[in-house]
Amino acid sequence: GEFTVEIVDVPTSTVEAMVQYMYTDEIPAEGDPAQLYGVAKKYELDNLAEEVGARLVENIDAENVQDRARILRLHATAGDAQAKKLWEQMYKKLQENPPLMQVLLESLLP
């Protein structure tokens with residue numbers, strides 16, 4: 001028979017990226033890495049989380065810093081060692097880039 005799995009709390013594009021990675025070991029260029037990282041953590045896809053996590057930190061900019069900081073901090077404060085390491089790397093990058101740190105701080109304040 002046919003087997004169906006519904007994942008309703010994640011955008012279709014993120015689920016497609018996760019499935020593509022599971023079959024090819026390649027992360028699609030398009031899609032939201034912060035969402036993909038969260039899904040990888042949720043479904044315990046450690047290799048995917050490691051690869052996407054590295055991209056989260058490498059490619060932060062004013063457009064994505066809030067989402068990326070939020071997902072890393074969420075997992076870091078939950079006790080995830082990998083996320084703690086990535087959070088520390090992101091924090092260091094933010095310290096080295098005051099305008100980016102300012103964007104993140106201003107996004108938190110009303």
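The values are calculated or read from the model by the stated rules, or taken from the named source; none is laboratory data. Worth saying up front: this structure is predicted, and the values here are computed from it rather than measured. Virtual Cβ from ideal backbone geometry, glycine too; neighbours counted across all protein chains shown. All accessible areas refer to the heavy atoms of the entire protein, side chains included, with ligands and DNA or RNA removed. Shrake-Rupley method; radii C 1.70, N 1.55, O 1.52, S 1.80 Å.
Mind ranking 76-87, 94-105 by how tightly packed they are, going by the mean number of other C-beta atoms within 10 angstrom, highest first?
76-87, 94-105
On the protein heavy atoms, probe 1.4 angstrom, tell me the percent of accessible surface of the chain carried by carbon and sulfur.
51
What is the angle, in °, between the Cα long axis of helix 46-58 and the longest principal axis of the Cα atoms in the chain? Nearest 10 is fine, range 0 to 90.
The angle comes out near 30 degrees.
Roughly how tilted is helix 12-24, in degrees to the nearest 10 and between 0 and 90, from the longest Cα axis of the chain?
The two axes meet at around 70 degrees.
Might you report the magnitude of the Cβ-based charge dipole of the chain about its Cα centre, with Lys and Arg at +1 and Asp and Glu at -1, to the nearest 20 debye?
Here the chain has a charge dipole of around 600 debye.
Under the classification rounded if a/c is under 1.5, otherwise prolate if a/b is larger than b/c and oblate if not, where does the range 28-98 fall, given a ≥ b ≥ c as square roots of the Cα gyration tensor eigenvalues?
In terms of gyration-tensor shape, oblate.
Pull out a ≥ b ≥ c, the square roots of the eigenvalues of the alpha-carbon gyration tensor of the range 53-93, then state rounded if a/c is under 1.5, prolate if not and a/b is larger than b/c, and oblate in the remaining case.
Verdict is prolate for the range 53-93.
Excluding same-chain residues fewer than 8 positions from residue 92, which lysines have a Cα within less than 17 Å of its Cα?
Filter leaves 84.
In terms of the Cα gyration tensor, with a ≥ b ≥ c the square roots of its eigenvalues, is the range 3-52 rounded because a/c is under 1.5, prolate because a/b exceeds b/c, or oblate?
Judged from the Cα gyration tensor, the range 3-52 comes out rounded (a/c under 1.5).
Using only the alpha-carbon atoms, how far is helix 65-77 inclined from the longest principal axis of the chain? Give it as 0 to 90 degrees, nearest 10.
Relative to the chain, helix 65-77 is tipped by roughly 80 degrees.
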